[in-house]
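Asker: Sharing a structure, written as C-alpha cells. Questions coming.
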Amino acid sequence: MNTRIRLSRSLLGEEELESVRTVLDSGYLTMGPRVTAFEAVIAQRVGTRYAVATSSATTALHLAMVALDIGPGDEVILPSFTFPATGHVVIQQGAVPVLADIDPCTLNLDAADLARKFTQRTRAVIAVHLFGNPADMEPILALTRPRGIPVVEDAACALGAHYQGVPCGSLGVLGCFSFHPRKIITTGEGGMITTNDPLLAERIQRLRQHGGDRVDGRFQFVEPGFNYRLSDIHAAIGIAQMQRLDAILEARTRFARSLSEGLSAVPGVQLPVVTPHGFHTFQTYCVILDAGISRDQVISAMNHANIETTIGTYALHGLGYMQARYGYQETDLPVSAMAGRQGLSLPIYPGLDEHDAARIVAALAEAVRGTT
Ligand SMILES: Cc1ncc(COP(=O)(O)O)c(C=O)c1O
C-alpha cells in the first residue's frame with residue numbers, strides 16, 4: 001500500500017525547537033523582543049516601513065477594518081471566492097460586504113466587476129491574493145486611487161509573492177498575512193499587518209493591545225481595543241521559519257510545475273494560471289474540475305488512493321447567512337459559484353517529490369475518468 005500523501009505539512013526542525021527553547025528559558029512568554037524581531041524580518045522582506053504582528057490573519061484583517069474606521073452604513077468590496085474570514089471582518093464592523101466576481105483564469109478579483117460595485121457608501125476594497133497568486137493590482141488601483149478608496153491586501157497565502165516585482169503586502173494601504181500551518185511559513189497560529197503609513201501602524205499597534213499606549217511615560221487606555229497579540233513563543237518559531245522561506249517557495253513552485261506538466265494531459269481539469277506579472281507562492285495548488293465531474297466523488301476516489309484533497313475555497317455569496325442577510329443568490333456571481341463548486345486543492349508542500357507528483361496525477365486522471 002502506498003503511503004498517505006497529506007494535503008499539507010509544515011517544514012519544521014531543530015532551528016524552531018532551539019528558537020522556542022530560548023524563549024522558554026528567558027521566562028518572558030508574551031509579546032516581547034521576539035515579536036519585535038519577527039516584525040522586523042517581515043517588514044524587510046515585504047519592503048514596508050512597518051509590520052505589526054497579530055494572533056492570526058483574521059485578527060489582522062479585523063484590525064485593518066477598525067483602523068480604517070469601517071462601520072455601520074459602510075460598504076467594503078471583496079471577491080466572493082475567498083476564505084470566509086475575508087468577509088466576516090467586514091460584518092463584525094456592522095458594514096456590508098459587497099461581493100464581486102472573480103476572473104475565471106486567475107480566480108482573483110475581476111476588476112471589471114469591481115468597477116460595477118462602487119457606490120457612495122464604498123469605504124474600502126479587500127483584494128485577495130488567493131492561494132498565493134497575486135491579484136491583478138494595476139487595474140484595481142486604477143479604480144480605487146481616483147476615488148480615494150483604500151485597498152487592503154488579504155495576503156494570507158501570499159508571503160513571498162510579488163506583482164510586477166513588488167512584494168504582495170506592500171501594494172495596498174495595509175497587507176494582512178497568515179501563519180496558520182497551511183500557509184507559506186507557520187507559527188502555529190499567527191498573522192501580520194504590513195504598511196508604510198505611520199499613523200495606521202501606530203493605531204494598529206494600540207488596538208491589538210487593548211487600545212493601550214504609553215502616554216507621558218505611562219501605560220494608558222486610549223480607545224477600546226482587543227487582545228490580538230502574538231506571543232514571543234509563536235514569534236520565535238516565525239523567525240526560524242523565515243530562514244527557510246526561499247527554500248519553501250522554491251520547493252512549492254518546483255512541485256507545482258511537476259503537477260502542471262503531468263496534469264496538462266488530463267482532460268476536464270483546469271490548471272492554476274501563473275500570470276506574467278506575478279510570482280505565485282503556490283500556498284494552494286487548486287484545479288477547477290469541469291462541470292460534469294462530481295468533486296465529492298473525486299475527493300473520495302483520491303482518498304481511496306491514499307491522497308488527501310479538499311475543496312478550493314468558498315463562494316461567500318452561496319453561504320446561507322450571506323444570502324439571508326444580504327439577499328445574495330447563487331446565480332449572482334457565476335464564476336465564483338462555479339469555482340466554489342468545482343475547485344479542488346491537491347497536496348503541495350516541501351518534501352513531496354517527482355514520484356509523489358506522478359502518483360497524484362495518475363490518481364486524479366483515474367478519479368476524473370471514473371466520475372464522468
Ligand atoms: C484568503 C484567506 N484570508 C484569511 C484567512 C484567515 O487566516 P487565519 O487562519 O490566519 O485567520 C485565510 C485562511 O485560510 C485565507 O485563506
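The values are calculated or read from the model by the stated rules, or taken from the named source; none is laboratory data. All figures in this text were calculated on a predicted structure; none of them were measured in a lab. Because the Cβ atoms are built from the backbone with ideal geometry, glycine has one as well, and the counts that use them run over all protein chains shown.
Okay, residues lined up against (1) in a loop (DSSP other than H, G, I, E, B); (2) under 19 Å from the mean Cα position of the chain (by Cα):
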residue	(1), (2)
Q241	no, yes
D246	no, yes
E250	no, yes
T275	yes, yes
D296	no, no
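Asker: Can you work out which of the residues in the range 181-220 that are in a loop (DSSP other than H, G, I, E, B), of a type in the set (G, A, S) and away from the ligand (no atom under 14 Å from the Cβ) is surrounded by the most Cβ atoms within 10 Å (Cβ to Cβ)? Spell out the reasoning first.
Answerer: To start, the set of residues in the range 181-220 that are in a loop (DSSP other than H, G, I, E, B) comprises 181-190, 196-197, 208, 210-211, 216-217.
The next check asks that each one be of a type in the set (G, A, S); those that pass are 188, 190, 211, 217.
Restricting the remaining residues to those that are away from the ligand (no atom under 14 Å from the Cβ) gives 211, 217.
Numbers: G211: 16, G217: 5.
Ranking the candidates gives G211 first.
Asker: Report yes if F131 is within 16 Å of the ligand (Cβ to nearest atom), crowded, with 24+ Cβ neighbours inside 10 Å, among the aromatic types (F, W, Y) and modelled with pLDDT of 95 or more, otherwise no.
Answerer: Values: within 16 Å of the ligand (Cβ to nearest atom): yes; crowded, with 24+ Cβ neighbours inside 10 Å: yes; among the aromatic types (F, W, Y): yes; modelled with pLDDT of 95 or more: yes.
Yes: the conditions hold for F131.
Asker: Does A111 satisfy the criteria of being away from the ligand (no atom under 16 Å from the Cβ), farther than 23 Å from V273 by Cβ and crowded, with 19+ Cβ neighbours inside 10 Å? If you could, list the steps in order and put the result at the bottom.
Answerer: Details: away from the ligand (no atom under 16 Å from the Cβ): yes; farther than 23 Å from V273 by Cβ: no; crowded, with 19+ Cβ neighbours inside 10 Å: yes.
Answer is no for this residue.
Asker: Within 16 Å of the ligand (Cβ to nearest atom) and over 24 Å from D197 (Cα atoms): which single residue out of T119, T106 fits that description? I'd like the intermediate steps shown before the answer.
Answerer: On the way: T119 fails: within 16 Å of the ligand (Cβ to nearest atom).
Every option except T106 fails the conditions.
Asker: Just to be sure I understand the filter: pairs with C-beta atoms under 7 Å, separated by 6 or more residues or on different chains, first member in the range 35-50 and assigned to a loop (DSSP other than H, G, I, E, B), second member surrounded by fewer than 21 Cβ atoms within 10 Å (Cβ to Cβ). Which pairs pass?
Answerer: Filtered contacts from the range 35-50: G47/S170; T48/S170; T48/N196; R49/N196.
Asker: Confirm whether L78 is under 30 Å from M302 (Cα atoms), surrounded by 13 or more Cβ atoms within 10 Å (Cβ to Cβ), within 18 Å of the chain's Cα centre (by Cα) and hydrophobic (A, V, I, L, M, F, W, C). It would help to see each step written out before you state the result.
Answerer: Values: under 30 Å from M302 (Cα atoms): no; surrounded by 13 or more Cβ atoms within 10 Å (Cβ to Cβ): yes; within 18 Å of the chain's Cα centre (by Cα): yes; hydrophobic (A, V, I, L, M, F, W, C): yes.
Answer is no for this residue.
Asker: Of all residues being part of a loop (DSSP other than H, G, I, E, B) and out of contact with any Leu (no Cβ under 8 Å at 6 or more places or on another chain) in the range 157-167, which is nearest to I77 (Cα to Cα)? Just the residue, please.
Answerer: Out of the qualifying residues, it is A158.
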